[in-house]
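The values are calculated or read from the model by the stated rules, or taken from the named source; none is laboratory data. Since the model is a prediction, treat every value here as computed from it, not as a measurement. FYI the Cβ positions are ideal-geometry reconstructions off the backbone, even for glycines, and counts take in every protein chain you see. SASA here: full protein model, heavy atoms, side chains in, ligands and nucleic acids out. Shrake-Rupley method; radii C 1.70, N 1.55, O 1.52, S 1.80 Å.
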Amino acid sequence: LYKITRVVTFQDSPLAKARPEIALLNEETGEPWRTYRGEAWLDPTDEESWEYPIALGVEACRRGFDEIQFDYVRFPSDGPLAVADFDGEYTRENRVATIAAFLTEARRQINAEGCAVAADIFAAVLESSGDEGIGQMPGPLSNAVDVLSPMVYPSHYASGWRGFEDPTDYPSEVVGGALSTGLTKLEGPAIYRPWLETYPQSVEGILAEQAEATERGLGWMLWSANTRFSEEFLPPASE
């Protein structure tokens with residue numbers, strides 16, 4: 001078994017509450033900034049906020065995992081960003097440089113322990129010309145990690161994407177389009193291993209998603225909103 005563990009990075013309400021000096025603050029209240037759903041974030045531009053997630057990754061590697069996958073390794077979204085008080089500049093150039101620098105340092109420490117380093121990224125950045133406001137761009141990040149895992153979930157795309165009224169009904173086209181465009185943006189040695197969705201897809205849709213990745217020489221991982229998996233869309237175990 002190849003064992004991957006997920007480390008939630010900058011969205012960390014407990015740590016933001018416990019250590020407000022490294023949290024992203026609301027400039028109007030001086031309290032930790034929160035998304036519309038109430039989650040607090042660490043400030044990615046404060047390098048002290050890097051220490052805890054990297055330490056978790058190092059510990060997980062020492063405990064026997066093979067790959068450390070950083071999730072929420074980005075700048076925040078879905079909240080009142082106009083009042084977010086970052087230590088560093090909130091520009092695209094600095095956002096991208098910040099996330100790449102964090103992952104470069106994480107890889108330096110974790111590779112030394114014998115583990116690979118991966119980053120979950122928004123699928124939209126595979127086809128976007130910018131960073132979508134979150135500091136993720138495949139080109140720079142492909143020099144900072146071993147694996148990039150775009151979350152290519154057709155149900156997460158808005159109506160009208162690629163001309164489809166409901167992108168959920170077109171898993172092959174959505175996944176294939178994202179991966180084809182994303183592959184042209186890799187600049188460094190990192191590989192893609194995308195996250196593919198199961199629920200709400202049909203078995204046929206899940207198999208179609210897998211085929212799009214396989215046809216491009218890529219592995220894949222499965223994410224399920226209802227945490228249910230079936231042998232119908234899982235390959236047989238190797239002997």
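One residue is enough: does the range 182-192 have a residue meeting the conditions part of a helix (DSSP H, G or I), aliphatic (A, V, I, L, M) and within 22 Å of G139 (Cα to Cα)?
Just the residues of the range 182-192 that are part of a helix (DSSP H, G or I), to begin with: 182-183.
After this cut, where a residue has to be aliphatic (A, V, I, L, M) as well, the list is 183.
Then drop every residue that is not within 22 Å of G139 (Cα to Cα), which leaves 183.
Yes; the residues of the range 182-192 include at least one that is part of a helix (DSSP H, G or I), aliphatic (A, V, I, L, M) and within 22 Å of G139 (Cα to Cα).
Report, ordered by the first and then the second residue, all pairs with beta carbons closer than 6 Å, sequence separation of six or more or different chains, a first member in the range 194-214 that is in contact (Cβ under 8 Å) with a residue 40 or more places away in the chain, and a second member that is of a type in the set (S, T, Y).
Pairs found: W195/S149; E197/Y153; P200/S155; E212/S172.
Restricting the search to the range 169-205, which residues are closer than 22 Å to N226 by Cα, open to solvent by less than 50 Å² (accessible area, probe 1.4 Å) and under 20 Å from the mean Cα position of the chain (by Cα)? Full working, then the answer.
Kept after step one, since they are closer than 22 Å to N226 by Cα, are these residues of the range 169-205: 169-172, 174-175, 193-205.
So of that shortlist, the ones also open to solvent by less than 50 Å² (accessible area, probe 1.4 Å) come out as 171-172, 174-175, 193-198, 201, 203, 205.
Result: P171, V174, V175, R193, P194, W195, L196, E197, T198.
Could you check, for the range 82-93, whether at least one of its residues is over 25 Å from P20 (Cβ atoms) and open to solvent by less than 10 Å² (accessible area, probe 1.4 Å)? Spell out how you get there, then give the answer.
Initially, the range 82-93 is screened for residues over 25 Å from P20 (Cβ atoms), giving 92-93.
Subset that is open to solvent by less than 10 Å² (accessible area, probe 1.4 Å): none.
No: zero hits.
Residues of the range 53-69 being without any contact (Cβ under 8 Å) to a residue 40 or more places away in the chain and either surrounded by 16 or more Cβ atoms within 10 Å (Cβ to Cβ) or closer than 16 Å to L15 by Cα (or both), which ones? Reasoning before the result, please.
Of the range 53-69, the ones without any contact (Cβ under 8 Å) to a residue 40 or more places away in the chain are 55, 59, 63.
The one that is without any contact (Cβ under 8 Å) to a residue 40 or more places away in the chain and either surrounded by 16 or more Cβ atoms within 10 Å (Cβ to Cβ) or closer than 16 Å to L15 by Cα (or both): A55.
Under 9 Å by Cβ, and 6 or more places apart or on different chains, what pairs join a residue from the range 110-132 that is on the phi > 0 side of the Ramachandran plot with one that is among the acidic types (D, E) and part of a loop (DSSP other than H, G, I, E, B)?
G114/D66
Name the pairs: first residue in the range 150-177 and closer than 13 Å to E127 by Cα and of a type in the set (G, A, S), second residue surrounded by 18 or more Cβ atoms within 10 Å (Cβ to Cβ) and modelled with pLDDT of 95 or more, Cβ to Cβ under 6 Å, at least 6 apart or on different chains?
G176/E212
Among the residues that make up the range 4-18, is at least one of them under 20 Å from the mean Cα position of the chain (by Cα), farther than 20 Å from A144 by Cα and part of a loop (DSSP other than H, G, I, E, B)?
yes
Here is a list: S159, S128. Which entry is in contact with an Asp or Glu (Cβ under 6 Å, 6 or more places away or on another chain), surrounded by fewer than 22 Cβ atoms within 10 Å (Cβ to Cβ) and assigned to a loop (DSSP other than H, G, I, E, B)?
Values: S128 fails: in contact with an Asp or Glu (Cβ under 6 Å, 6 or more places away or on another chain).
Only one candidate qualifies: S159.
So which residues in the range 38-64 are out of contact with any Pro (no Cβ under 7 Å at 6 or more places or on another chain) and in a strand (DSSP E or B), if there are any at all? Give the steps one after another, and end with the answer.
Narrowing the range 38-64 to residues out of contact with any Pro (no Cβ under 7 Å at 6 or more places or on another chain): 38-39, 42-64.
The one that is out of contact with any Pro (no Cβ under 7 Å at 6 or more places or on another chain) and in a strand (DSSP E or B): L42.
Pairs only if they're at least six apart or on different chains, beta carbon under 9 angstrom, first in the range 70-83 and over 11 Å from F10 (Cβ atoms), second among the aromatic types (F, W, Y) and open to solvent by less than 10 Å² (accessible area, probe 1.4 Å); list them, first residue then second.
G79/W33; G79/W41; P80/W33; L81/W33; L81/F75; V83/W33
Name the one entry in A208, A225 that is of a type in the set (A, V, I, L, M), more than 30 Å from R108 (Cβ to Cβ) and modelled with pLDDT under 95. Talk me through it step by step, then tell me what you get.
Working: A208 fails: modelled with pLDDT under 95.
The unique qualifying residue is A225.
For R37, are the conditions met, namely being open to solvent by 20 Å² or more (accessible area, probe 1.4 Å), among the basic types (K, R) and within 20 Å of the chain's Cα centre (by Cα)?
yes
How about the range 131-144: which of its residues are outside any helix (DSSP H, G or I) and more than 12 Å from the chain's Cα centre (by Cα)?
At the first step, the residues of the range 131-144 found to be outside any helix (DSSP H, G or I) are 131-137, 142-144.
Answer for the range 131-144, where residues must be outside any helix (DSSP H, G or I) and more than 12 Å from the chain's Cα centre (by Cα): D131, E132, G133, S142, N143, A144.
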